[in-house]
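Asks: To start, I am sharing the structure in question, which I have written as structure tokens.
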């Protein structure tokens, strides 16, 4: 230690990944709270839940599942591309991931505006006059998909940052922790949706 | 530092897993039509769990991670299941 | 290691980096500076919350309205609770001593993610400031109590959303700290330091960090649900809309009970460091203490329902939670036996840190045993929501966590600042604090048992003796706290220079100069044996 006291920060890929995984655990528990609420009300009002779920559009839900699963694959492939030092391919794959994420959001927008058109939104009069279980189902539906959409949005921001950094060559074969961690985050978004989809769309 | 070597997964593996995931999704949608009562939920969750296992193992590279992380991921799911079960000790017997 | 006194080195306090003056602190990613910043913020809030408590005690010195209106009183106990719980005791020991000493104790130069560490601090600061602002913005201070129980937290016209957001941000900061510490312990231990060669304070921080990571998100989503309930009447907790208020209590306590262990585990870790040093003897039952930290963390995750024995949960559920509550007392008791056994036959040096640590055992045992009274289903009915509960958790939180914090401050103060406080004066302050504390809370155990409800602004004449004694105790306690504060502040600059190892400790922090240099170690030490090794003659095993 001498006069020049510059604080050294080391680069430890394993540490970065472990930190990201533990962060994903917290995300799982964040949604976990909502899944717990879902489980309790599902057990209390199963008939109402069936009724309400049948009003959701299974086609839109399935389409979104396809978008997310495919985007999960492309982002995973982009890491392989970086590992093989193929930056152009990695760039293309991240771009495709972003487009698929965008399609997911467009789809979600269509779905929500359709529901809003029927005055089905949290706190609306239509909802308040529904049976209690249906009201709670829609409350859960909006909160779960809303929180999920927020995560998709954050994921898109992360992917855009990666896109730029791959283009500029900041992310390359020797240093791609950011892409790896963003990929992990994106898979988590996918993972949550894998549970949300059957619980919200397929209970009728 | 050990475990620093990279585990690269081939494009083909990812593509096969995606096809599997899409097939499971189709299956999941298809079985909704069949009336199995309470088993419908159980079946839907089972299929979802298989899909999640694939995403974790292949897409998220958990299969090439160290034992500690595998155990931690498993532990987190077990912990959450326990929280749900214990909460239902209240709701089931009220 | 080579650096002892006399050698030239620049301590972390004097080091000059990219920035000068105050910025050198505010933008520092050094774990020691961040730890100290937390320390100053937390100490400031502690004295704010203590003043609020003092006002409440003064209100209760006589029946009827004494110095404030009932609504003000409700606001006061809410903000006292929010500050004390969310800003002081939950983060407290782990962010101050965890930040400062965890890397040093495991032989690392810093935590795994220094920048994230600074971000945690600023989130903490933001949350803390918002918690205080919530008292002044909107239609009056929140009056729900720190537990935000529905339906009142949904119906209250006060600024609840703001306070909830503050708690959410504080929770996020806590999560990031937890992640940082887990990764630090996994990746940054010095060569040769296996998990079973790690000192016990890092062990307790490790267990704590896991609870922080796995429980805090639940309160995050719960607070969001209450916000949604207030903003959009989403119905989850509103019986009129088919929801269930008890569900809120489940969600709230799924976090908030483990949060009690977030508070107490680091406290246990601190005193575990102190007993061997002041007995000059290896810690008794190293493995048992290490494992019991993890056991407490694990079982502690599944006892949340014991806060809801009178809420109308099912009989089976109450039975289950009561059983587990008794089980979680076992690892805590194991620790107490180990601490006492560590002192047994040692050459005991009764310095302020040990005094506080012994005080910790005494008060923690009263707190723990009164906890069992509430853990039993039948007696719980009698004492639920009474002053007995207030006394119980103050014995645990203040008597346990608070005394451990004071023990830690007196233990590590010479290391952190390189100055020694006045030991005689510190001893006197301890006597005053200990006396005041017991006079403050013991009467509340009695009047609680007799039926004095908690959170009440007024009381029946029959409780007057207890309430007056309690208020007098609070004044004595605060006098003691001020004495301690003055002692530490006065010696901060002017005190005698402390040697590198004033207590003859053997853990790594005592092998480096006081105060430590920027990156702690010139050469990362290599660890060859378990900690707490006081030389051959005393280590027969």
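Asks: Would you mind calculating the relative contact order of chain C from Cα pairs under 8 angstrom and at least 6 residues apart, reporting the percent as a whole number? Can you show the working numbers first?
Replies: On the way: 906 pairs, mean separation 103.9, N = 541.
With pairs under 8 Å counted, the relative contact order is 19 percent.
Asks: Quickly rank C:241-250, C:518-527 as a protection proxy: mean count of other C-beta atoms within 10 Å, highest first. Please list the in-between numbers first.
Replies: Details: C:241-250: 22.0, C:518-527: 17.4.
In decreasing order of mean packing, C:241-250, C:518-527 become C:241-250, C:518-527.
Asks: Once you've got the GNM for chain A with C-alpha springs shorter than 10 Å, pick whichever of A:134, A:180, A:115 has the biggest mean-square fluctuation.
Replies: Among A:134, A:180, A:115, the largest mean-square fluctuation in the Gaussian network model of chain A belongs to A:115.
Asks: Let me know the shape class of segment A:31-201, please: from the alpha-carbon gyration tensor, a ≥ b ≥ c as square roots of the eigenvalues, rounded when a/c is under 1.5, otherwise prolate if a/b is greater than b/c, or oblate. Mind showing how you got there, number by number?
Replies: Working: a/c = 3.06, a/b = 2.51, b/c = 1.22.
Since a/c reaches 1.5 and a/b is larger than b/c, the shape of segment A:31-201 is classed as prolate.
Asks: For the protein assembly as shown, rounded, prolate or oblate, judged on the Cα gyration tensor with a ≥ b ≥ c (square roots of eigenvalues), a/c < 1.5 rounded, else prolate if a/b > b/c? Show your work: numbers first, answer last.
Replies: Numbers: a/c = 1.93, a/b = 1.24, b/c = 1.56.
In terms of gyration-tensor shape, oblate.
Asks: Would you please state the base-10 log of I(q)/I(0) at q = 0.05, 0.07, 0.10 1/Å for segment C:21-538, with intensities from the Debye formula using one equal scatterer on every alpha carbon?
Replies: So the normalised log intensities work out to -0.18, -0.37, -0.77.
Asks: Where does each of A:45-56, C:375-386 land if you order them by average Cβ count within 10 Å, highest first?
Replies: Working: A:45-56: 17.7, C:375-386: 16.1.
Listed from highest to lowest mean packing, they are A:45-56, C:375-386.
Asks: Also, quick follow-up: Mind checking which of A:114, A:148, A:172 has the largest fluctuation in a GNM of chain A, springs on alpha carbons under 10 Å?
Replies: Highest fluctuation of the listed residues: A:114.
Asks: Using only Cα atoms, locate the centre of segment C:273-337 and the centre of segment C:123-199, then give the distance between them in Å, rounded to an integer.
Replies: Answer, in whole Å: 23.
Asks: Take each of the peptides A:29-35, C:129-135, C:141-147, A:151-157, average the number of other beta-carbon atoms within 10 Å over its residues, and list them starting from the highest. Present the calculation step by step, with values, prior to reporting the outcome.
Replies: Numbers: A:29-35: 23.0, C:129-135: 18.9, C:141-147: 20.7, A:151-157: 17.0.
With the highest mean Cβ count within 10 Å placed first, the list reads A:29-35, C:141-147, C:129-135, A:151-157.
Asks: Translational D (Stokes-Einstein, µm²/s) of segment C:364-481 at 4 °C and 1.567 mPa s when Rh comes from the Kirkwood sum over C-alpha pairs? Don't skip to the end; give the middle numbers.
Replies: On the way: Rh = 15.4 Å.
The diffusion coefficient I find is 84 µm²/s.
Asks: Work out the FRET efficiency for residue C:319 and residue C:349 from their Cβ-Cβ distance, taking R0 = 56 Å, and round it to the nearest 0.05. Please list the in-between numbers first.
Replies: Working: r = 47 Å, r/R0 = 0.84.
The pair residue C:319/residue C:349 has a calculated efficiency of 0.75.
Asks: Could you give the nm distance between label points at residue B:13 and residue A:161, where each point is 7 Å from its Cα heading toward the beta carbon?
Replies: Here the answer is 2.8 nm between the modelled labels.
Asks: Measure nothing fancy, just the Cα-based angle from helix A:13-44's long axis to the longest principal axis of chain A, in degrees from 0 to 90, nearest 10.
Replies: 0
Asks: OK, next. How much FRET efficiency would the formula 1/(1 + (r/R0)^6) give for residue B:26 and residue A:114, where r is the Cβ-Cβ distance and R0 is 22 Å, rounded to 0.05?
Replies: Numbers: r = 24 Å, r/R0 = 1.09.
That pair, residue B:26 with residue A:114, gives E of 0.35.
Asks: Roughly what angle does helix A:177-201 make with the longest principal axis of chain A, taking Cα atoms, 0 to 90 degrees, to the nearest 10?
Replies: 10
Asks: Taking each residue in B:39-52, count the Cβ atoms of any other chain within 10 Å of its Cβ, then average. What number comes out?
Replies: Details: counts 0, 5, 8, 0, 2, 7, 3, 1, 3, 9, 2, 1, 8, 6.
Counting Cβ atoms of other protein chains within 10 Å of each residue's Cβ and averaging gives 4.
Asks: Quick check on segment C:1-110: take the gyration tensor over C-alpha atoms, sort the square-rooted eigenvalues as a ≥ b ≥ c, and tell me if it's rounded (a/c under 1.5), prolate or oblate.
Replies: Numbers: a/c = 3.40, a/b = 2.92, b/c = 1.16.
Because a/c hits 1.5 or more and a/b exceeds b/c, segment C:1-110 counts as prolate.
Asks: Taking each residue of C:216-224 in turn, how many C-beta atoms of other protein chains fall within 10 Å of its C-beta, and what is the average? Can you show the working numbers first?
Replies: Working: counts 3, 9, 8, 3, 4, 11, 4, 1, 5.
Taking all residues of C:216-224 together, the mean is 5.
Asks: Follow-up. Counting partner chain Cβ atoms within 10 Å of every residue's Cβ in C:105-118, what's the average? Mind showing how you got there, number by number?
Replies: Values: counts 0, 0, 0, 0, 4, 4, 0, 7, 5, 4, 1, 1, 0, 0.
The mean count of partner-chain Cβ atoms within 10 Å per residue comes to 2.
Asks: Can you tell me the 0 to 90 degree angle between the C-alpha axis of helix C:114-133 and the longest principal axis of chain C, rounded to 10?
Replies: On a 0 to 90 degree scale, this one is about 30.
Asks: With label points built 7 Å along Cα→Cβ from the Cα atoms of residue C:133 and residue C:310, find their separation and express it in nm.
Replies: Going from the residue C:133 label point to the residue C:310 one covers 3.8 nm.
Asks: Something else about it: Where in segment C:433-452 is the amide nitrogen less than 20 Å from a point lying 7 Å along the Cα-to-Cβ axis of residue C:479?
Replies: In segment C:433-452, the label zone of residue C:479 (backbone N under 20 Å from the point 7 Å along Cα→Cβ) covers C:433-444.
Asks: Got the relative contact order for segment A:31-201 handy, in percent, Cα pairs under 8 Å and 6 or more residues apart? Mind dumping the intermediate values first?
Replies: Values: 153 pairs, mean separation 59.0, N = 171.
For segment A:31-201, the relative contact order is 34 percent.
Asks: Right, another one. Between the alpha-carbon centers of segment A:152-202 and segment A:78-130, tell me the distance in whole angstrom.
Replies: Result: 13 Å between the Cα centres.
Asks: Right, here's the next one. I need two numbers for segment C:446-541: Rg to one decimal and Dmax as a whole number, Cα atoms only, in Å.
Replies: 24.3, 67
All of the numbers you see were taken from the coordinates with simple rules; none came from a lab. These figures come from a predicted structure and were not determined experimentally. We place every Cβ from the backbone using ideal geometry, glycine too, and count neighbours over all the protein chains shown.
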